[in-house]
Amino acid sequence: RLEYTLFSLSAMPKWKINRNLTLSEKVSYVLNNVTERSFIPDEGVPTFTESGDDMTANRSRAYSSKQLSVASDTRIDWSYRYGGHVIHLFGGFRYLSDSFNSDAIRADNSAGDKLPNITNEMKNRKVDGIIEEWKSTAVYVNADWNYADKYFLQGTLTAETSTRFGRNATGGVKLGDYVWGIFPSLQAAWVVSAEPFFQNVKGIDYLKLNVGIDQSGNDNIDCFASRSYFAPSAFLNHTSGLSLANIGNDKLKWETVTRISVGLDMSVWNDRLSLGFNYYKSYVNNMLAYKTLGGVSGLRNYWSNEGKMENQGFDVAAVAKVMALKDFSWEISASVGHYKNEVTALPDNDKTVYTSVYGGEVMTKVGNPVGLFYGYKTEATASGTHVYATSEEAKADGLYILGENGIDKTYFGAGDVKFADNGDKEINKADMQVIGDPNPDIYGNIFTSLSYKRIRLDVNFNYSLGNDAYNYLRSQLESGNRFMNQSVAMVNRWSYEGQVTDMPTVMWEDPMGNARFSDRWIEDASYLRLKSITLSYELPLNSTFIHGLTFWGQANNVFTVSKYLGADPDFSMQQCFGTRHRPRPVG
């Protein structure tokens, strides 16, 4: 049972002081509560064990969370025009606050399926929770200058602080208890087609060049990353205590991104076709990453600013007005983008860092893109599949794994997966390699709009090509190593000598590691999606209080074309070392 409550309130008052000066405010308040209860019964479900727990017949879970977000943006605008010059200045103060609290409990083996409530007598009790509190404050000022709609210049300066960072951070301005990061931006544009010398150029109606450099900050880390705190931990699976969960870094500071961009916008054929091109390159310094701690600390790592990365890419967009009649119009637009990133430095002068993600491995290596999948690669057997059809096939290859004592050899046989070997015949971590890249080759959107009088139809596609994804759900539903429901694909599992199939044999706890993290679970996640269809009608209404009324209906995620076997190829996730705890700050 799931209960979800959302309360949202926002206001945007605006005060026009005079013809040039305006004061405005945007404030919002959002409260989000979630309560969830679930029960796995004994009847119809096999018993199971997890990580040394007692045998589980049934299981009860309870979860509750509360999130409170407050945002405020106070801004003052000043505009002035004289001759061909237009000046627009604005500045303001922005405040963001977010708090999140959750509690979760799990227990096994109630007195019966008709008594699902959690009691003290139940086994394998596990309690967990999260407390997160974060605040950010920013002061900003922006200046825009425009001369004759031909030359444009924009400068921005933002000072921002966040409670996620250390109080002794360097590289900023310290005011009060926190260090403020300073982030400037400068953008310029030139409308070449407005120059007298361009008037005789045929075919090009509009041409604009853009160039810019800006710096921004990233604070996407744990809320208490810069502070030391304790968290509850289980002792002998029965008693709860407190243990050190994080060693703070009071010098932790903003991750800064410096970006240089060059662009071009143009229209041709009497504005029938509009084109846009933008190229960018960015440098990430003080990258937020985990730094290794010595084993004597009892922790594996802590947050630091010792990483670096470079990004570059481009995007191209085109808009075509196919038809523009009195009552009917048709417009088509499309975009394509490409990016490439490269890690240039890691903490501790490491060249490679491996991160565990839901039973898989992600490799971050200097000189390579971020987030490559790193695991075992499968190879074709003599029968043409990736599973040995006969014992003779397996014996001919002679692949094996070593037992826990490092001496006993267990050879792969009929029904086992054939993994790529480095030549020593033993399948171990030395055989792991890059098996997938989540970064797409290209991505973009395709949009079309048709209008007939006051009726309008908008159709929006998005796509991504060349990106891989780890199908974790399939790795669980096709592992064949536990007493749990599996997918119908397991009907084709290897079950007799000579059977030719790509689905390995089923065996309790998978002693040969057929379900290990490999390219079996890495899939092509390229897709084309009909993201939305919107049909609208504009009612011809013009009164003292209402100057237009539009009725519309929209369908989202109508269909997706993809080879990916999971629920949705368009997803993302974020994973760090360690487990999230309920922080209890000290000091």
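What does the charge add up to near Gly212, with Lys and Arg as +1, Asp and Glu as -1, over the other residues with Cβ less than 15 Å from its Cβ?
Numbers: positive: Lys208, Arg259, Lys281; negative: Asp144, Asp214, Asp265, Asp315.
Around Gly212, the surrounding residues sum to -1.
Taking segment 489-565 as the region of interest, what is the percent of Cα-Cα pairs per 10 angstrom bin, listed from the shortest bin to the one with the maximum distance?
P(r) over segment 489-565, rounded to whole percents: 13, 23, 17, 15, 11, 9, 8, 4, 0.
Report the full-extension gain for the segment Asp510 to Arg37: residue separation times 0.36 nm, less the Cα-Cα distance, to one decimal in nm.
167.1 nm
Work out the FRET efficiency for Leu68 and Asp113 from their Cβ-Cβ distance, taking R0 = 35 Å, and round it to the nearest 0.05. Present the calculation step by step, with values, prior to reporting the outcome.
On the way: r = 37 Å, r/R0 = 1.06.
With a Förster radius of 35 Å, E is 0.40.
Would you calculate the separation in nanometres between label points at Ile130 and Asp250, each defined as 7 Å from the Cα along the Cα-to-beta-carbon direction?
A separation of 2.8 nm, rounded to one decimal place.
I'd like the distance separating the alpha-carbon centroids of segment 222-296 and segment 441-490, in whole Å.
Value for the Cα centre distance between the two parts: 26 Å.
Please give the net charge around Leu372, taking every other residue with its beta carbon less than 11 angstrom from that of Leu372, where Lys and Arg add +1 and Asp and Glu add -1.
Computed value for this residue: -2.
Given that just one value was derived from the coordinates, which of (i) 81, 69, 50; (ii) 70, 69, 52; (iii) 88, 60, 54 is Cα extents along the principal axes in Å?
(iii)
Taking a point 7 angstrom from the Cα of Met12 along the C-beta vector, which residues in segment 544-561 have backbone N less than 20 Å away?
Once the point is set 7 Å along Cα→Cβ of Met12, 545-552 turn out to lie under 20 Å by backbone N, inside segment 544-561.
Assuming a strict under-16 Å limit between Cα atoms, what lysine pair count do you get for segment 382-517 once near-sequence pairs (fewer than 8 apart, same chain) are dropped?
6
Give me the distance in nm between label points sitting 7 Å out from Cα along the Cα-to-Cβ direction at His88 and Ser329, one decimal.
Once both label points are built, they end up 2.2 nm from each other.
Using 0.36 nm per residue of separation minus the Cα-Cα distance, give me the extension gain between Val322 and Val139 in nm, one decimal. Write down the numbers at each step before the final one.
On the way: separation 183, 0.36 × 183 = 65.88 nm, distance 4.53 nm.
Gain in length upon complete extension: 61.3 nm.
Test of the criteria: in segment 446-534, which chymotrypsin sites (Phe, Trp or Tyr not before Pro) are in a DSSP loop and have at most 11 other Cβ atoms within 10 angstrom of their Cβ?
Qualifying residues, ordered by number: Phe483, Tyr496, Trp508.
At a 1.4 Å probe radius, carbon and sulfur cover how many percent of the accessible area of the chain? Mind dumping the intermediate values first?
Working: 19140 of 33990 Å².
Exposed carbon and sulfur together represent 56 percent of the surface.
Under the definition of Cα pairs under 8 Å and six or more residues apart, what whole-number percent is the relative contact order of segment 39-124?
33 percent.
Kindly report the accessible area of the chain per residue (heavy atoms of protein chains, probe 1.4 Å, no ligands, DNA or RNA), in Å².
On a per-residue basis, the chain sits at 58 Å².
Within segment 311-331, which residues have the backbone N less than 11 Å from the label spot 7 Å out from Ile442 along Cα→beta-carbon, could you tell me?
Under cut-off, by backbone N: 316.
Just by accessible area at a 1.4 angstrom probe, what is the order of Leu399, Leu21 from largest to smallest? Numbers along the way, then the final one.
Details: Leu399 10, Leu21 45 Å².
Descending accessible area places them as Leu21, Leu399.
I'd like the distance separating the alpha-carbon centroids of segment 369-433 and segment 491-532, in whole Å.
One Cα centre to the other: 15 Å.
Express in whole angstrom the spacing between the alpha-carbon centres of segment 39-90 and segment 166-215.
Taking the Cα centre of each part, segment 39-90 and segment 166-215 sit 33 Å apart.
First select every other residue whose beta carbon is under 14 angstrom from the beta carbon of Tyr140; then total the charges, Lys and Arg +1, Asp and Glu -1.
-2
Could you tell me the calculated FRET efficiency between Asn492 and Glu342, based on Cβ-Cβ distance and R0 = 45 angstrom, to the nearest 0.05?
That pair, Asn492 with Glu342, gives E of 0.65.
The values are calculated or read from the model by the stated rules, or taken from the named source; none is laboratory data. Everything numeric in this text was worked out from a predicted model, so none of it was measured. All Cβ positions, glycine included, derive from the backbone under ideal geometry; neighbour counts span all protein chains shown. For the accessible areas, the whole protein counts, side chains as well, though only heavy atoms, and no ligand, DNA or RNA atoms are used. Shrake-Rupley method; radii C 1.70, N 1.55, O 1.52, S 1.80 Å.
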